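The block underneath contains the structure these notes are about, expressed in structure tokens.
The values are calculated or read from the model by the stated rules, or taken from the named source; none is laboratory data. None of these values were measured; they are calculated from a predicted model. Positions of Cβ are generated from backbone atoms using ideal geometry, with glycine treated the same way; all protein chains shown enter the neighbour counts. Just so you know, the surface numbers come from the protein's heavy atoms only, side chains and all, with ligands and any DNA or RNA stripped out. Shrake-Rupley method; radii C 1.70, N 1.55, O 1.52, S 1.80 Å.
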Amino acid sequence: MELRSINRVGIIGAGVAGLATAKTLRAAGYDCTIFERAKRLGGVWADGYSNFGVQVQKELYQFPDWPLPAGTPNFTPGPIFQKYLEDYADRFQIRSCLHIGERVTALMPRADGAPGWTISTERDGATQQADFDLAVVATGLYSNTPNLPNIPGQEIFQGDVLHISQLKNRAPLTGKRVAVVGYGKSATDAALEAAAVADEVHLIFREAHWPVPRNLAGILPFKWGMLSRMTGALITPYVHPSPVARWLHSLGKPLVWIFWRVVELLLYVQCGLGTKIAKGQNLVPSTLVHIDCFGESTMVPRSELYKSIRSGRIVAHRTEIAAFTRDGVNLRDGDSLAVNCVVFGTGWNCDYGFLSGEASRILGSDDDGFYLYRHILHPDLPNLFFIGRASTFLNILTYCLQARWLAELIGARFALPGRDSMLAEIQQLKDWKRAWMPFSGARGARLLLHMLNYHDELLRDFGANPLRKRGALAPLKELFVPYQPDDYRAVVAGDWEAAEGRALAKPAVADVAAKD
Amino acid sequence: MVEFLWIGSALGAVVGVLHGIYLYRQQSASAPANDPTRNRAVGLYYGLWAFVLWTLFGAYVLAFWILGAVAWPIKRLVSRVVRSDRPV
């Protein structure tokens, strides 16, 4: 890494991660340029499917230093959230950095031998190139590439086949017999949209997953059960577990085991997972809840979902499509469905097609995605950073903390370990995730409930105290009160030392390059 | 019952002391060189809370631990029997 003379920073993607990075680095005095291929900023929030929105309570999904306006509905609808991002860009004067409608076609090491990267872009057929001292890939985990399963017979099917991203309103579903494939957020959203207007709705999924109800027992917002340090201590220990977590998961294992069985029982009762669906199946997942919640399809379903399944408005099938026919689909369990519209709520794939061949080779081609040091960088790709390649329950907060970590790093407030240490750390992370976390194409980026451990790690790196709760009852709050973005306001704003009442003396400026 | 509460609280107190020491050491270790006192005080405060909470709830934690220690092997046994009953 050569981070001593950074001035120009190129950022790919104007979603939440790109905007947070630009805001943080601009405040630190760097000259930022953001390239965004869409016609407006917002990333996944710029152009969503019908009735899309945030799946968590509004206080969990907002910038720590720029709260959502008063009066914003809970579970913020997508268009309101996109407007909020526009306001963020205005408030922090990011708009002047934006190159909207400019698609990045290549990211290559600079030809002049200087540290940094050359970003090639294309806009309305015209191509351009610009050199940057540092490049940030902030395209997130869900680039615009639909994940569409290859199912035989699709060419003879007479109905419509849509990916969720094509479902901009309910019109394509009105009066149809619809089959929705998948069991994640987008699939269940699509099924509910169809349930409002379609003649018949089928939800087809291979495996059921444990839902995260918006309110536990119908009363308590789910954050109280999931985002506290106590729950964090009861999940599978982090890659670098604390002595307390190690003890809890060895001698204290029966305690952990009974806790998760009680959670499963509560979810079973609250969501009615024993409901009989097609072929005598039910909705009880076969994977234990504390493992399943690290899978691809973790979701906070709308409360109507299970009601609609119980009432039969949505007919659930725990199987998969074996083949399309002329008038419908044949299922693997032997059933045939006469449908004239199939919607794939099967998610998106990551798209890093702009990376040079050498960079792609270094990142690897593992099925579960690539792994990075601190989920941010690879030591063999100097001056290239990934912000937003970490999936947690508080994504905005995570991206803001990653951006702060990056600003502190290039401001020489802390130093990276050597190359070998970073590679060893990446290998450790890989081994740890592969030992227990369910497979998915983005496993390398998944942290979910481990976000508190990850945030602690980032904060410790740049010398901030990871314990963010304040007041006389702070120790109690640390244990039971959920963490949310506003706990990190001072850190994200970069003035945590003043907020903690510390003397403002900085650690000696580290020579980052020398340590490499 | 009273004996169980005493045993649980005593075990909780032991765990609480260990947890408290860990929290104190963790905060002390992360203190900036120019201002170590504040972090040590915070560490001591957190440590005391850990001790008090473990002692207070030690008996309940022990009860859950025993429940888990009994139910877990039974569940594993039942799962094994159910699995062996399934046609291959």
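Looking only at region A:287-326, residues that are touching a residue at least 12 places away in the same chain (Cβ under 8 Å), among the small types (Gly, Ala, Ser), in a loop (DSSP other than H, G, I, E, B) and under 29 Å from A:Pro152 (Cα atoms) come to 2 in all. Close Cβ contacts (under 6 Å, 6 or more residues apart or on different chains) running from residues in region A:264-285 that are closer than 28 Å to A:Arg332 by Cα to residues that are among the small types (Gly, Ala, Ser) and open to solvent by less than 20 Å² (accessible area, probe 1.4 Å) comprise A:Ile277/A:Ala316; A:Leu283/A:Ala208; A:Pro285/A:Ala208.
For region A:194-208, filtering for residues that are open to solvent by 10 Å² or more (accessible area, probe 1.4 Å) and in a strand (DSSP E or B) leaves 2. For region A:457-469, the set of residues classified as within 11 Å of another protein chain (Cβ to nearest Cβ) and either of a type in the set (Lys, Arg) or not in a loop (DSSP other than H, G, I, E, B) (or both) consists of A:Leu459, A:Arg460, A:Lys469, listed by residue number. When A:Gly369 is tested against (1) without any contact (Cβ under 8 Å) to a residue 40 or more places away in the chain; (2) under 30 Å from A:Glu122 (Cβ atoms); (3) open to solvent by 10 Å² or more (accessible area, probe 1.4 Å), exactly one condition is not met: (1).
Here A:Ile204 does not fit the description of being within 28 Å of the chain's Cα centre (by Cα), modelled with pLDDT under 95 and farther than 28 Å from A:Pro79 by Cβ.
All conditions but one from (1) within 14 Å of chain B (Cβ to nearest Cβ); (2) touching an Asp or Glu at 6+ places or on another chain (Cβ under 7 Å); (3) surrounded by 18 or more Cβ atoms within 10 Å (Cβ to Cβ); (4) not polar (S, T, N, Q) apply to A:Glu478; the one that does not is (2). A:Glu86 falls short on exactly one of the conditions (1) surrounded by fewer than 21 Cβ atoms within 10 Å (Cβ to Cβ); (2) closer than 30 Å to A:Ala359 by Cα; (3) out of contact with any strand residue (DSSP E or B) (no Cβ under 9 Å at 6 or more places or on another chain); (4) not basic (Lys, Arg), and that condition is (2).
Filtered by the rule that a residue be in contact with a Leu (Cβ under 8 Å, 6 or more places away or on another chain), open to solvent by 40 Å² or more (accessible area, probe 1.4 Å) and under 18 Å from A:Ser286 (Cα atoms), region A:225-269 gives A:Phe259, A:Leu266. Summed over region A:216-249, the residues that are free of Cβ contacts under 8 Å to residues at least 60 places away in the same chain and either more than 18 Å from A:Ile291 (Cβ to Cβ) or touching a Phe, Trp or Tyr at 6+ places or on another chain (Cβ under 8 Å) (or both) give a count of 12.
For A:Ala179, indicate whether it is farther than 30 Å from A:Pro115 by Cβ and part of a strand (DSSP E or B). For A:Ala179, the condition - farther than 30 Å from A:Pro115 by Cβ and part of a strand (DSSP E or B) - is met. Condition check: basic (Lys, Arg), under 18 Å from A:Ser311 (Cβ atoms) and touching a residue at least 40 places away in the same chain (Cβ under 8 Å). Does A:Arg177 satisfy that? Yes: the conditions hold for A:Arg177. The set of residues from region A:89-119 being free of Cβ contacts under 8 Å to residues at least 24 places away in the same chain and either open to solvent by 30 Å² or more (accessible area, probe 1.4 Å) or of a type in the set (Gly, Ala, Ser) (or both) comprises A:Asp90, A:Arg95, A:Ser96, A:Arg110, A:Ala111, A:Asp112, A:Gly113, A:Ala114. The residues of region A:268-297 that are touching a helix residue (DSSP H, G or I) at 6+ places or on another chain (Cβ under 7 Å) and closer than 16 Å to A:Thr231 by Cβ, listed by number, are A:Leu288, A:Val289, A:His290, A:Ile291. Does A:Ala424 meet the test of being among the small types (Gly, Ala, Ser), assigned to a helix (DSSP H, G or I), more than 19 Å from the chain's Cα centre (by Cα) and at pLDDT 95 or above? Against the criterion (among the small types (Gly, Ala, Ser), assigned to a helix (DSSP H, G or I), more than 19 Å from the chain's Cα centre (by Cα) and at pLDDT 95 or above), A:Ala424 qualifies. Tell me yes or no: at least one residue of region A:263-275 is under 28 Å from the mean Cα position of the chain (by Cα), within 14 Å of chain B (Cβ to nearest Cβ) and assigned to a loop (DSSP other than H, G, I, E, B). The answer is no; no qualifying residue exists. Checking each residue in region A:427-456 for being part of a helix (DSSP H, G or I) and either surrounded by 18 or more Cβ atoms within 10 Å (Cβ to Cβ) or in contact with a Phe, Trp or Tyr (Cβ under 6 Å, 6 or more places away or on another chain) (or both) picks out A:Leu429, A:Lys430, A:Lys433, A:Arg443, A:Gly444, A:Ala445, A:Met451, A:Leu452, A:Asn453, A:Tyr454, A:His455, A:Asp456.
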